[in-house]
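Visitor: Please read through the structure below; I'll follow up with questions.
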Amino acid sequence: MLRSLARRWLLAEEAARILGVTPRHVRRLATTGVLLARRLGGLWWVDADSVEHYLTKRGWCNRYGTRGGRLQAEREGRRR
């Protein structure tokens with residue numbers, strides 16, 4: 001039960017790869033409060049749910065957040 005309540009955390013570099021941005025931009029999003037994150041021992045840890053929410057809010061449809069996923073979906077919609 002407690003395991004399901006635990007948050008999933010990603011390193012800033014992992015979150016950057018998922019979002020398709022630089023780790024510096026992830027840190028900027030964290031310091032401005034857009035992403036829920038904590039700094040521990042010099043490393044930034046970003047909440048995975050906040051990354052997913054950011055992707056949803058931005059309208060990116062690819063599970064891994066790459067911009068190409070949205071562009072690919074738009075292209076597929078035009079082909080039909």
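Visitor: Rank by packing, highest mean first: peptides 33-43, 16-26, 48-58, with packing defined as the count of other Cβ atoms within 10 Å averaged across residues.
Guide: 16-26, 48-58, 33-43
Visitor: Quick one: which residues, 5 or more positions from TRP44 or on another chain, have an amide H under 5 Å from its amide H? H modelled 1.01 Å from N in the peptide plane, none for Pro or chain starts.
Guide: ALA12
Visitor: Work out how much length ARG38 to ARG58 would gain on full extension: take 0.36 nm times their residue separation and subtract the Cα-Cα distance, in nm to one decimal.
Guide: Working it through step by step, the gained length comes to 5.0 nm.
Any read-out appearing in this document is the output of simple, stated calculations on the displayed coordinates, not a laboratory observation. The structure displayed is predicted, hence computed values, not measured ones. In this analysis, Cβ positions are derived from the backbone assuming ideal geometry, glycine residues included, and neighbour counts consider all displayed protein chains.
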